[in-house]
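Read the figures in this text as sums done on the coordinates, not as results from a lab. This is a predicted model, so every value here is computed, not measured. Every residue, glycine among them, receives a Cβ derived from its backbone with ideal geometry; neighbour counts consider all protein chains shown.
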Amino acid sequence: MLKHRYLQQVEVFQDLTEAQIYEVERSTRMSTVGPSRLLYQPDEKSETLFLLKTGHVQIYRISPDGKRFVISNIEPGMFFGEMALLGEAFHDSFAETLKESTLCVISRRDLEYLIGRFPTVGVRIMQALADRLSEAETQLEDLALKSLTARLATLILRLSSEANSRVTGLTHNDLAERVGTSRETATQALNELKNAGLIAIGRKRIDVLNRQALEDMAEEY
């Protein structure tokens, strides 16, 4: 019953009826894994789609010199492992749990069946993939054109909001991996923003003090 309720809340299945959700439920299995578990890595076969019920999963790549670059952070209700949808035989990135996570797993064969039975599922998935592609293009543009300080300002703005202008739970190394730099360099850039009076820095906490000025900084190239 818990899995059934969860599937009803997943965006890609929200157009389905109660009876149709039960059919989806029969095609999925639920699994709970601990933190720091690799769910897949480059060159592994892509055979399943994952839906995150609880926890946190990070998708990343590692450069030849060993630097980690975070591609996306998967939050509950999101899916990942979409290479199985795109006809790709192997994964090209790592997927790792950052804390204990509960996953709903669908095989490629069952997914193809569900999309054939319920075309709206395929449409929802394509919409989500289009949004991710747009986000990836923006991220690449930022990496190519913006300074590190501007990239950090952009990230802080994205992680915070006007209602809650605080970012918590991330170390300087976490932030560095998201903007493609080293921890030391990220710390220097954060101190620039702090010294300019745009943010305050605490232990795994960043407070936005001047949102407008931070937005101006994020637009600089």
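Simple spin-label model, 7 Å along Cα-to-Cβ: L129 to E219 in nm?
Spacing of the two 7 Å Cα→Cβ label points: 3.5 nm.
Under 20 Å from the 7 Å Cα→Cβ point of R5, by amide nitrogen: which residues of the range 93-112?
Backbone N within reach: 101-105.
In the range 68-132, what GluC sites (Glu not before Pro) fall in a loop by DSSP, with at most 13 other Cβ atoms inside 10 Å?
Those satisfying the criteria are E88.
Tell me what the chain gives for mean residue ellipticity at 222 nm when only DSSP H runs of n ≥ 4 count, each as -39,500 (n - 2.57), the sum divided by the residue total, rounded to 500 deg cm²/dmol.
-13500 deg cm²/dmol
On full extension of the chain, what length is gained from T138 through F90, given 0.36 nm per residue of separation minus the C-alpha to C-alpha distance? Walk me through the numbers on the way to the answer.
On the way: separation 48, 0.36 × 48 = 17.28 nm, distance 2.51 nm.
Length gained, T138 through F90: 14.8 nm.
Output needed: percent of Cα pairs per 5 Å distance bin for the range 2-143, bins running from 0 to the one holding the longest distance.
In whole percents, the pair-distance histogram is 2, 9, 18, 23, 21, 15, 7, 3, 1, 0, 0.
So how do 49-61, 157-169 stack up, highest first, on mean other-Cβ count within 10 Å? Display every interim value, and only then the final one.
On the way: 49-61: 19.2, 157-169: 13.4.
Per-residue Cβ counts within 10 Å, averaged per peptide and sorted highest first, yield 49-61, 157-169.
Once both axes come from the Cα atoms, what is the angle between helix 183-195 and the longest principal axis of the chain, in degrees from 0 to 90, rounded to 10?
It is inclined by approximately 60 degrees.
Evaluate 2.2 N^0.38 Å with N set to the residue count of the range 135-221, then give the Cα radius of gyration divided by it. Intermediate values should be presented prior to the final figure.
On the way: Rg = 11.7 Å, N = 87, 2.2 N^0.38 = 12.0 Å.
It is 0.98.
Expressed as a rounded percentage, what relative contact order does the chain have, with Cα pairs under 8 Å and six or more residues apart?
In percent, rounded to a whole number, it is 20.
List the lysines whose Cα sits under 25 Å from the Cα of K194, skipping any in the same chain fewer than 8 residues away.
Hits, sequence-local ones excluded: K146, K204.
With contacts defined as alpha carbon pairs under 8 Å and 6 or more residues apart, what's the relative contact order of the range 146-218 in percent?
41 percent
Calculate the dipole size of the chain relative to its Cα centre from +1 charges on Lys and Arg beta carbons and -1 charges on Asp and Glu beta carbons; express the result in debye to the nearest 20. List each step's numbers first, then the result.
Values: 27 positive and 32 negative charges, 161 e Å.
In debye, rounded to 20, the chain gives about 780.
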